[in-house]
Every structure is written in structure tokens, then in C-alpha cells.
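Visitor: Take a look at this one; I'll ask things after.
The values are calculated or read from the model by the stated rules, or taken from the named source; none is laboratory data. On a predicted model such as this, the values are computed, not experimentally measured, just so you know. Don't worry about glycine lacking a Cβ; one is built from the backbone with ideal geometry, like all the others, and counts go over all protein chains shown.
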There are 2 protein chains.
Amino acid sequence: MAKDIYTAALIIIGDEILSGRTHDKNTPWIAEQLNEAGVRLAEVRVIPDDKQNIIDTVNEMRGCHDYVFTTGGIGPTHDDITSESIAAAFGVELELRDDAYAELLAYYKDESEITESRKKMAYIPQGANLIDNPVSGAPGIHIGNVYVFAGVPRIMQAMFDAIKHSLTGGKPVETRSVSANLAESLVADGLAEMQGRYEMIAIGSYPKYQNGKFGTTLVLRGTDDEALAKATQEVTDLVKSLGEDNPIVA
Amino acid sequence: MAKDIYTAALIIIGDEILSGRTHDKNTPWIAEQLNEAGVRLAEVRVIPDDKQNIIDTVNEMRGCHDYVFTTGGIGPTHDDITSESIAAAFGVELELRDDAYAELLAYYKDESEITESRKKMAYIPQGANLIDNPVSGAPGIHIGNVYVFAGVPRIMQAMFDAIKHSLTGGKPVETRSVSANLAESLVADGLAEMQGRYEMIAIGSYPKYQNGKFGTTLVLRGTDDEALAKATQEVTDLVKSLGEDNPIVA
């Protein structure tokens, strides 16, 4: 039976994010793609390059959500331990796969170029499907409800594009926003009253602080276009009644 | 007894991050501050504005780590449920605190400006300390090993600055990096051999892909300055031996 709500978790495997060195750019991109697919990103975890941690996190998340995506750690270096961890999470072995090897060969052109380190990228958990990597040869992995992507945004995006059609989702979540040069505490009362009346629309209030002034963006999200349009109009009227002459509605 | 390793978890409370609308900017900033304080950011979780989820996550994380930081959800609107969730996680009540109210009053200047929604920000979990908010009046919260910050980066940073001196950490983790215009698969073998010899230095390899070309940044992290300098020199020599004439060492 079709469900109303499909959820996903994103597991970002990367010491480089936790050290502050690299800024994660994958979360917002994946979140937006999932919105379009009618799948709700319900949780993101950033964890270190640690095998047991990856195993435990993948096993916990794949039991809780329809889909799990991981980014990072499928390259050729010693700190790339995602594939072996995924295999361990599913209780299967890694095997050297002819089809994955063929993809590497197509990329590196010559057998002599496939060093032991590069060959590592053709070891795939038993029973997994490969996800095409048009950028750098080494494939992603799909096993159970888990999709294993590279961490480099350009490659991750290509892999996601390759599997997006296979995701089953509910109605896409649509978003509207109303931005006003008002402190959010001014709109709080009216907004709370509105949220009480619009059960199926999630209304969020996001303050910003720029050049010594507060502004607020009110974000409405839901799957019912008509209710969304009506609620957006109400929010617009609310901020106008509070003194914002030119709210930005998007 | 002083420990060698202190760890922290960051809990980002925010539907707006999970929807892809807002890009989290707090993680790298907090990670770097913690590096300086000798505390390792061991895990980040992005969770929705859901009370039970906040309670469960806070309780799990505060049992695993020396410090827990949360961002988001302490404002005046209906979707700001962090304070009540933190109180519930610790099994205490929220109470209207005179000192928190005084901070609001100092900010809003007049009692008539303290609407019910704004007053909500003076309700603090019993037994908590306030964290000064020099930007917008409403204080952060410190209870047990949990620090509750605003989500707006400018305010979060001011709150972190206010508590940073009170964190106990180990030796600060120092970072060096060596960037080369080489595919990471080329350095993989040499790097794995090196990592075997440098147990106390974490060596990470981070590929990038720009303008159709691969490059790699090799990152070395550790608390032993001398070992770090020696390992950085070895990595530099390694990439030079593989054909990179001008590695960028930082």
C-alpha cells in the first residue's frame, strides 16, 4: 500500500567535516532533491571515519527510514573504509566485481594503471548494485535501502541523478516563504494562532540578523497546494498588519 | 584525573536545515573553536523541531560525550521548543527566571514590550545557568554538560564566546595540509604505508574535482608538534616524488 510519508536519513562520513576543515555542501542539495521526490529528509548524522561507528549508524538508520544515503569514504586511500563498513553492516563480504573492475578500466584505460589502491574501489559488498559514476570511474553502491555515494559534491550529484528515478515518495512537499523586516517576536502570537488552524502546513519562523537589524523569514511547507496558498496569503496579511509594507513572498 | 581526549556532540535542531532551505554554517565554526579548546567534535546530528526527538537525542548524546551543544529553537515563536525539550530531557520544569526576564527587559527597554511570546524566552529549565546574549537579549542555557545556543550564527558565536573559557580540554589538535594536483589514487599506497608508521597522526586524503581535473589535499592532524612536522615533511616529499613540483603546504 502506498504510504503518505517517506523518510530518509543522510549519513555524512567524514573526519574532515568534524574537524571544521571542510564545509558540507551535500546536505542542502540532497534535501532539495528529496523534496522533489516526495521523500522527507528526517535526520542527518555526521560521523567520523570509524568502522564500528559507520556500521552501528547505518544499521540504526536503515531500520528507521525508507532510505539511507551515505556520502564519503569510497575512494582509494587508507581512510576510505565505507565499503567494508557497509558490507559488515549487512553481514556480507566484499568481493572483487567484474563489472566494477570494468568501470575502473574504462576510466583508467590500461590494466597497468589499476594499482592495488585503485583496485580497492572494485571491491563491492556481495549482493549490492553498482551506481554509475560518470565522473571518476569508481562506482557507488546500492544495497537494501542504503545508497552509498562519494563525498565530492560533483560526483555525489551524478550518482544521485542516476538513482533518483528509482525512489518511491509521497506527494512532493511544496515550500512558500514570506520575508519581512520585523523581529520574529512581533509575529509570534499571530503565527502561533495560525499554526493552530493549519494542521497540515508546517509554519517555521527563521530570524536573521544583518547590519544590526533583525528580519524574519516565515516558511510554510506542505503537500496541499490550496491550503498552502491560503496560509501564505494569511501570513502575508499578518506581516503587513504589523507594519511591513513590502513583504517578499516566494 | 586529566583525560587525554575530550569529545563533544553538536545537535542542530532545525526543520529549515533538513528542508534544504538553510545551509548550516555553525558546524565548521564550532568545530574550529573546539579544536582550539582541545575538545574533539565527535558527532553532529541534525534533527527536526520535534520534542521527543530532541529529548531522546540530548539524553543519548550527554551520556556519550563530555560536552553537548545545541543550536536553534530558543526564540519566541511556536516552533521554538528547545527549552521545554531540554527541561524534559533533564526531568525538570521550566520556570520564569527573574534574571532572564531582566535581560529581556534590558533589551526591550519597556515592560509593555514584553509580550507573552517574548516572555517565553525567560522560561528556563530549573537549575540551569544563563548564557549571556549580547545581541538580542534572550539568554542561552547551560545545564549539566549541555549548552543550548541560538541558531543565528552571530548570536550563537557570541554565546559560545561567553562559555568558551569554562571548557576543559586536552592538548589542542593541530592541523597541517599538503595540497597537490594529483589524483588521490596516486598517493594512496605511499600514504597507507606512512599512516602505518604514524599512529598518533591522523592522515586524511580529500579529493577535489575542479575544471575537469582532480587534485588532492592531504590533511595531517595530531597533538604532537614534532611528529606532525616530520610527517608533513614526509607527505610533501611523497607528492614531490610523484610529480607535484609545487605542493601547497599550510
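Visitor: Can you find a residue in the range A:81-90 that is within 12 Å of A:Ile13 (Cβ to Cβ), touching a residue at least 12 places away in the same chain (Cβ under 8 Å), within 13 Å of another protein chain (Cβ to nearest Cβ) and over 16 Å from the mean Cα position of the chain (by Cα)?
Guide: yes
Visitor: List the number of the failed condition for B:Tyr209; all other conditions in (1) part of a strand (DSSP E or B); (2) more than 16 Å from A:Ala150 (Cβ to Cβ) hold.
Guide: The one condition B:Tyr209 does not meet is (2).
Visitor: A further question on this structure: Say we look at the range A:178-220 and pick out the residues that are within 22 Å of the chain's Cα centre (by Cα) and either assigned by TED's automatic domain parsing to the domain that holds A:Asn145 or hydrophobic (A, V, I, L, M, F, W, C) (or both); which of these is surrounded by the fewest Cβ atoms within 10 Å (Cβ to Cβ)?
Guide: Here the residue is A:Ala202.
Visitor: Give me a count of the residues in the range A:38-51 that are closer than 30 Å to B:Arg221 by Cβ and more than 8 Å from chain B (Cβ to nearest Cβ). I'd like the intermediate steps shown before the answer.
Guide: Going residue by residue through the range A:38-51, those that are closer than 30 Å to B:Arg221 by Cβ are A:41, A:43-51.
Applying the additional criterion that residues be more than 8 Å from chain B (Cβ to nearest Cβ) yields A:50-51.
So the answer is 2.
Visitor: With the requirement that a residue be over 21 Å from A:Gly72 (Cα atoms) and more than 10 Å from the chain's Cα centre (by Cα), what does the range A:8-38 give you?
Guide: Those that are over 21 Å from A:Gly72 (Cα atoms) and more than 10 Å from the chain's Cα centre (by Cα): A:Glu36, A:Ala37, A:Gly38.
Visitor: Search the range A:161-175 for residues being buried (at least 18 other Cβ atoms within 10 Å of the Cβ) and away from chain B (no Cβ under 11 Å), and hand back the single one that is farthest from A:Asp245 (Cα to Cα).
Guide: A:Ala162
Visitor: With respect to B:Tyr198, is the statement that it is within 13 Å of chain A (Cβ to nearest Cβ), aromatic (Phe, Trp, Tyr), touching a strand residue (DSSP E or B) at 6+ places or on another chain (Cβ under 9 Å) and over 23 Å from A:Glu113 (Cβ atoms) true?
Guide: Details: within 13 Å of chain A (Cβ to nearest Cβ): yes; aromatic (Phe, Trp, Tyr): yes; touching a strand residue (DSSP E or B) at 6+ places or on another chain (Cβ under 9 Å): yes; over 23 Å from A:Glu113 (Cβ atoms): yes.
Taking the combined requirement at face value, the residue satisfies it.
Visitor: Would you mind stating whether B:Ala231 is on the phi < 0 side of the Ramachandran plot and either at pLDDT below 95 or in a loop (DSSP other than H, G, I, E, B) (or both)? If you could, list the steps in order and put the result at the bottom.
Guide: Numbers: on the phi < 0 side of the Ramachandran plot: yes; either at pLDDT below 95 or in a loop (DSSP other than H, G, I, E, B) (or both): no.
Answer is no for this residue.
Visitor: Scan (1) polar (S, T, N, Q); (2) at pLDDT 95 or above; (3) under 20 Å from the mean Cα position of the chain (by Cα); (4) farther than 13 Å from A:Leu10 by Cα for the single condition A:Gln52 breaks and write down its number.
Guide: (3)
Visitor: In the range A:112-120, is there at least one residue being in the same structural domain as A:Ala150 (by TED's automatic domain parsing), free of Cβ contacts under 8 Å to residues at least 12 places away in the same chain and within 29 Å of A:Glu60 (Cβ to Cβ)?
Guide: Among the residues of the range A:112-120, not one is in the same structural domain as A:Ala150 (by TED's automatic domain parsing), free of Cβ contacts under 8 Å to residues at least 12 places away in the same chain and within 29 Å of A:Glu60 (Cβ to Cβ), which makes the answer no.
Visitor: Go through the range A:10-60 residue by residue and tally those that are touching a residue at least 60 places away in the same chain (Cβ under 8 Å), among the small types (Gly, Ala, Ser) and surrounded by fewer than 23 Cβ atoms within 10 Å (Cβ to Cβ). Let's see the steps before the verdict.
Guide: Going residue by residue through the range A:10-60, those that are touching a residue at least 60 places away in the same chain (Cβ under 8 Å) are A:10-15, A:25-26, A:29-30, A:33-40, A:58.
Cutting the leftovers down to among the small types (Gly, Ala, Ser) gives us A:14, A:37-38.
Remaining after also requiring surrounded by fewer than 23 Cβ atoms within 10 Å (Cβ to Cβ): A:37-38.
Residues meeting the conditions: 2.
Visitor: Would you be able to tell me the number of residues in the range A:52-80 that are more than 11 Å from chain B (Cβ to nearest Cβ) and within 19 Å of B:Ala188 (Cα to Cα)?
Guide: 0
Visitor: Could you list, in sequence order, the residues of the range A:14-50 that are among the β-branched types (Val, Ile, Thr), part of a helix (DSSP H, G or I) and closer than 23 Å to A:Asp66 by Cα?
Guide: The first filter runs over the range A:14-50 and keeps only residues among the β-branched types (Val, Ile, Thr), leaving A:17, A:22, A:27, A:30, A:39, A:44, A:46-47.
With the extra rule that they be part of a helix (DSSP H, G or I), the set shrinks to A:17, A:27, A:30.
The answer is A:Thr27, A:Ile30.
Visitor: Being surrounded by fewer than 18 Cβ atoms within 10 Å (Cβ to Cβ) and in contact (Cβ under 8 Å) with a residue 24 or more places away in the chain is the filter; apply it to the range A:98-110 and report the residue that is nearest to B:Leu182 (Cα to Cα).
Guide: That would be A:Tyr108.
Visitor: Which number in (1) within 12 Å of another protein chain (Cβ to nearest Cβ); (2) surrounded by fewer than 21 Cβ atoms within 10 Å (Cβ to Cβ); (3) more than 23 Å from A:Thr27 (Cβ to Cβ) marks the one condition that A:Ala158 misses?
Guide: Status for A:Ala158: all satisfied but (3).
Visitor: A further question follows. Would you list the helices (runs of 4 or more DSSP H) that sit entirely within the range B:87-206 and hold 2 or more residues that are of a type in the set (Val, Ile, Thr)? Working first, answer last.
Guide: Values: elements: B:98-108, B:116-119, B:153-163, B:184-197.
Hits in the range B:87-206: B:153-163.
Visitor: Can I ask one more? For the range A:111-132, indicate whether the set of residues that are of a type outside the set (Gly, Ala, Ser), within 14 Å of another protein chain (Cβ to nearest Cβ), in contact with a strand residue (DSSP E or B) (Cβ under 7 Å, 6 or more places away or on another chain) and buried (at least 18 other Cβ atoms within 10 Å of the Cβ) is non-empty.
Guide: No, there is no match, as no residue in the range A:111-132 is of a type outside the set (Gly, Ala, Ser), within 14 Å of another protein chain (Cβ to nearest Cβ), in contact with a strand residue (DSSP E or B) (Cβ under 7 Å, 6 or more places away or on another chain) and buried (at least 18 other Cβ atoms within 10 Å of the Cβ).
Visitor: Is the range B:79-88 home to any residue that is under 18 Å from B:Pro153 (Cα atoms) and buried (at least 24 other Cβ atoms within 10 Å of the Cβ)?
Guide: Taking the range B:79-88 first, the residues under 18 Å from B:Pro153 (Cα atoms) are B:80, B:82.
Among the residues that remain, those that are also buried (at least 24 other Cβ atoms within 10 Å of the Cβ) are: B:80, B:82.
Yes.
Visitor: Out of the range A:205-227, which residues are of a type in the set (D, E, K, R) and out of contact with any Gly (no Cβ under 9 Å at 6 or more places or on another chain)?
Guide: A:Lys213, A:Asp224, A:Asp225, A:Glu226
Visitor: Hey, any hits in the range B:7-28 for a residue that's more than 7 Å from every other protein chain (Cβ to nearest Cβ) and under 13 Å from B:Gly169 (Cα atoms)?
Guide: Yes, there is a match, as at least one residue in the range B:7-28 is more than 7 Å from every other protein chain (Cβ to nearest Cβ) and under 13 Å from B:Gly169 (Cα atoms).
Visitor: Continuing with the same structure: Taking the condition more than 7 Å from every other protein chain (Cβ to nearest Cβ), among the polar types (S, T, N, Q) and touching a Pro at 6+ places or on another chain (Cβ under 8 Å), does A:Asn35 pass?
Guide: Values: more than 7 Å from every other protein chain (Cβ to nearest Cβ): no; among the polar types (S, T, N, Q): yes; touching a Pro at 6+ places or on another chain (Cβ under 8 Å): yes.
So A:Asn35 fails the test.
Visitor: Hey, another quick one. How many residues are within 12 Å of chain B (Cβ to nearest Cβ) and either in contact with a helix residue (DSSP H, G or I) (Cβ under 7 Å, 6 or more places away or on another chain) or closer than 15 Å to A:Glu184 by Cα (or both) if we restrict to the range A:213-234?
Guide: Start the filter on the range A:213-234 by keeping residues that are within 12 Å of chain B (Cβ to nearest Cβ), which leaves A:213-222.
Restricting the remaining residues to those that are either in contact with a helix residue (DSSP H, G or I) (Cβ under 7 Å, 6 or more places away or on another chain) or closer than 15 Å to A:Glu184 by Cα (or both) gives A:213-220, A:222.
Residues meeting the conditions: 9.
Visitor: Now for a separate question. Which members of the range A:176-195 meet the condition of being at the interface with chain B (Cβ under 8 Å from one of its Cβ atoms) and either among the small types (Gly, Ala, Ser) or free of Cβ contacts under 8 Å to residues at least 40 places away in the same chain (or both)?
Guide: A:Ser177, A:Glu184, A:Ser185, A:Ala188, A:Asp189, A:Ala192, A:Gln195
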